[in-house]
Amino acid sequence: MSSLLHDLAKVTVRRISVSSMDNNVYLITSKETGAQVLIDAADDLPAIRSLLAEGGADAAGAGRPPKLELVATTHQHWDHVRALEGVVAATGARTAAGRQDASGIPVPVDTVLDHGDVLPEAHGAWGFELAAVHLRGHTPGSIAYVLTEQDAPVLIFSGDSLFPGGVGNTQDDADRFALLFADVADRLFGAYPDTAEVHPGHGKPTTLGAERPHLPEWKQRGW
């Protein structure tokens, strides 16, 4: 069973955890159009199929049947893409990933993303939109996907770039850490309110407000 994170006016947001690495797989489903976006097909194709079916039930009143329109990958690391090929083969969904990570994704990337891009390209076609936020450092092309709906908290699907307690792993590389910290501070903390929820690639969610006071500590410690 999935966890229903949000039942909003226009969409539902569901999550499952897969694999021994506690990878989060997120599903956004439009109640109006039936369009679905899966964020990180990390592992366990049967579990993802069940997630899609549960999300499809949320769109029972939509004008057309539920359809997985896109699998959006946060970054190229193997633990976030193990089921990607199977999901694409089973559903015919298109794919999206950051430009600098696209060559490391195990299927062709249909939509290559840069900072500030908005999905879908035909605005409003799904009944919701996702903003792409490029966060350099964990991988060169890591993307956070941001869902904004009126009268609801901003939802940030941060991949492995931001967690409760710090930014993502940069393998003790000071330059990579500095780049990731700067992007997270500017493009997330500098752009969205404290009420914004952060839903990471592993583990539990947090909010920007809960983490904001710790930014100086993170910068000083270097990880």
Within the chain: Cβ-based charge dipole about Cα centre, in debye rounded to nearest 20 (Lys, Arg +1; Asp, Glu -1): 220
What are the lysines whose alpha-carbon lies under 29 Å from the alpha-carbon of residue 67, with same-chain residues fewer than 8 places away excluded? 10, 31, 204
Taking Cα pairs under 8 Å and at least six residues apart, what relative contact order does the chain come out at, in percent? 14
Rank-order 93-101, 180-188, 108-116, 69-77 by packing density, defined as the average count of other C-beta atoms within 10 Å over each peptide's residues, highest first. 69-77, 93-101, 180-188, 108-116
Over the chain: helical MRE at 222 nm, DSSP H runs n ≥ 4 each giving -39500 (n - 2.57), nearest 500: -5500 deg cm²/dmol
Taking only C-alpha pairs under 8 Å that are 6+ residues apart, what is the relative contact order of region 150-223 in percent? 41
Only Lys, Arg, Asp and Glu count, each charged at its Cβ (+1, +1, -1, -1), so figure out the dipole size of region 1-104 about its Cα centre, rounded to 20 debye. 340
Along the charge dipole of region 1-128, Cβ charges K/R +1 and D/E -1, which of 73, 93, 112 sits furthest on the positive end? 93
In whole µm²/s, the translational diffusion coefficient that Stokes-Einstein assigns to region 107-223, given a Kirkwood hydrodynamic radius over C-alpha pairs, 25 °C and 0.890 mPa s, equals 168
Taking Cα pairs closer than 8 Å and at least 6 residues apart, the relative contact order of region 76-173 in percent is 19
Matching label for the computed percent of Cα pairs over 21 Å apart, out of [x] 57; [y] 51; [z] 60, is [y]
If you plug each phi of region 19-27 into the Karplus form 6.51 cos²θ - 1.76 cosθ + 1.60 with θ = phi - 60°, what whole-Hz ³J(HN,Hα) values come out, in order, with x for Gly and Pro? 6, 5, 8, 6, 6, 8, 10, 10, 10
Check: C-alpha center region 96-160 vs C-alpha center region 32-70, spacing in Å is 18
Taking every DSSP beta bridge that has both residues in the chain, what percent is antiparallel when rounded to the nearest 5? 65
Tilt, helix 174-183 to longest principal axis of the chain (alpha-carbon atoms), in degrees rounded to tens, equals 50
Could you pull out every residue, at least 5 positions away or on a different chain, whose amide H is within less than 5 Å of the one on residue 202? Hs are placed 1.01 Å off N in the peptide plane, and Pro or chain starts have none. 24
Accessible carbon and sulfur surface of the chain relative to its total accessible area, %, 1.4 Å: 52
Would you mind working out the accessible area per residue for region 15-117, using a 1.4 Å probe, and quoting it in Å²? 40
After finding the eigenvalues of the alpha carbon gyration tensor for region 175-223, what semi-axes result from the square roots of 5 times each, listed largest first in whole Å? 18, 13, 11
What are the residues whose amide H is under 5 Å from the amide H of residue 207, where those residues sit 5 or more places off or on another chain and H is modelled from the backbone? 198
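The values are calculated or read from the model by the stated rules, or taken from the named source; none is laboratory data. All values reported here derive from a predicted model rather than from experimental measurement. Every residue, glycine as well, gets a Cβ built from its backbone with ideal geometry; the counts of neighbours run over all protein chains shown. Please note that ligands, DNA and RNA were not included when accessible areas were found on the heavy atoms of the full protein model with its side chains. Shrake-Rupley method; radii C 1.70, N 1.55, O 1.52, S 1.80 Å.
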